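Okay, structure first, notes after.
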Amino acid sequence: MTAVKRIVESMADPVNDTLAYYISESEVPTAMAGDVPSLERTFILKVNKQLRSMTMGKNDFSQLKEMAVSQNQQILEEVKSQMPEHMKNMSQGFSREFDVDFALNLSQMIPLEPHYQSENALAYSMYINYGVTANNESEDVIVAATATFLNTSGVVLFLYSYASQDDLEWTRNASKDWAESVISSNSQPPAKSPGRGIDWDKVMEKGLVGAVVGGLFALLAGAASLFKRKKG
């Protein structure tokens with residue numbers, strides 16, 4: 001899937017590692033042919049670069065969920081202040097990879113209240129409004145996204161699902177099924193974390209950054225006609 005792989009690699013998340021990127025089975029033939037499919041419904045699995053080596057107990061994950069509810073707007077504003085620099089760096093990376101005059105921007109991000117919680121999971125959705133300019137042409141896309149914070153055997157994973165703006169409920173339902181499947185396939189996290197020192201608001205920030213970066217793939221696929229790819 002050469003074209004899809006190039007897009008994923010050029011949109012590297014500055015604070016999280018991408019473990020897997022999932023596309024619809026119906027889009028596999030197009031991707032395997034080296035072209036860019038629509039990528040309207042996708043999933044991304046990420047882990048924070050710092051958290052991946054830490055064990056989180058149920059007690060601390062409970063605090064994380066409480067913070068997500070009580071400080072959501074404050075955390076969102078912090079993330080929004082970071083995004084111009086992230087967008088600039090990703091635009092430069094994409095321009096080099098695809099040999100095109102390219103610029104990304106985030107015009108708006110609207111988070112909704114958490115809609116799904118369990119002992120080891122928290123999920124909430126958002127609408128993200130992106131803009132892209134390539135070769136003097138512009139395109140705007142609104143993406144529906146659901147982010148799920150999952151405590152899997154003591155490791156915090158970020159599960160993201162994306163679709164078009166009219167498919168918000170699909171992202172929620174698909175994310176819930178995915179989260180419950182992962183939880184049931186893994187052991188329970190410990191009751192308490194073995195250590196302390198986790199900055200909970202930073203965990204939330206990193207999760208939001210991952211959601212914004214992941215949503216760009218749908219935008220890039222939709223604007224594929226604007227890309228001037230290098231030969232070969």
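Numbers at a glance
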{"read-out": "Selection from segment 67-113 of residues that are over 22 Å from residue 142 (Cβ atoms), open to solvent by less than 70 Å² (accessible area, probe 1.4 Å), of a type outside the set (A, V, I, L, M, F, W, C) and not in a helix (DSSP H, G or I)", "value": "71"}
{"read-out": "Pair list, Cβ < 9 Å and 6+ apart or interchain, from segment 170-190 residues that are touching a residue at least 12 places away in the same chain (Cβ under 8 Å) to residues that are surrounded by 15 or more Cβ atoms within 10 Å (Cβ to Cβ) and in a helix (DSSP H, G or I)", "value": "188/58; 189/58; 189/61; 190/58"}
{"read-out": "Close pairs (7 angstrom Cβ cut-off, 6 or more residues apart or separate chains): open to solvent by 10 Å² or more (accessible area, probe 1.4 Å) in segment 122-134, not in a strand (DSSP E or B) anywhere", "value": "127/165"}
{"read-out": "Close pairs from segment 40-60: first in contact (Cβ under 8 Å) with a residue 60 or more places away in the chain and outside any loop (DSSP other than H, G, I, E, B), partner of a type in the set (Lys, Arg) and surrounded by fewer than 17 Cβ atoms within 10 Å (Cβ to Cβ), Cβ under 7 Å, at least 6 apart", "value": "59/192"}
{"read-out": "Which numbered condition residue 58 fails, given (1) open to solvent by 80 Å² or more (accessible area, probe 1.4 Å); (2) basic (Lys, Arg); (3) more than 24 Å from residue 171 (Cβ to Cβ)", "value": "(1)"}
{"read-out": "Checking residue 132 against (1) within 25 Å of residue 19 (Cβ to Cβ); (2) part of a strand (DSSP E or B); (3) hydrophobic (A, V, I, L, M, F, W, C), the condition it does not meet", "value": "(1)"}
{"read-out": "Matching residues in segment 27-53 - criterion: being among the aliphatic types (A, V, I, L, M) and open to solvent by 90 Å² or more (accessible area, probe 1.4 Å)", "value": "32"}
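For (1) at pLDDT below 75; (2) open to solvent by 20 Å² or more (accessible area, probe 1.4 Å); (3) of a type outside the set (Lys, Arg); (4) not in a helix (DSSP H, G or I), each residue gets a yes or a no:
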position: 147; (1), (2), (3), (4): no, no, yes, yes
position: 159; (1), (2), (3), (4): no, no, yes, yes
position: 163; (1), (2), (3), (4): no, no, yes, yes
position: 166; (1), (2), (3), (4): no, yes, yes, yes
position: 194; (1), (2), (3), (4): no, yes, yes, yes
position: 198; (1), (2), (3), (4): yes, yes, yes, yes
position: 201; (1), (2), (3), (4): yes, yes, yes, no
position: 217; (1), (2), (3), (4): yes, no, yes, no
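The values are calculated or read from the model by the stated rules, or taken from the named source; none is laboratory data. Since this is a predicted model, take the numbers as computed values, not measurements. So basically every Cβ, Gly included, is an ideal-geometry build from the backbone, and we count neighbours across all protein chains shown. These accessible areas exclude ligands, DNA and RNA; they are computed on the full protein's heavy atoms, side chains included. Shrake-Rupley method; radii C 1.70, N 1.55, O 1.52, S 1.80 Å.
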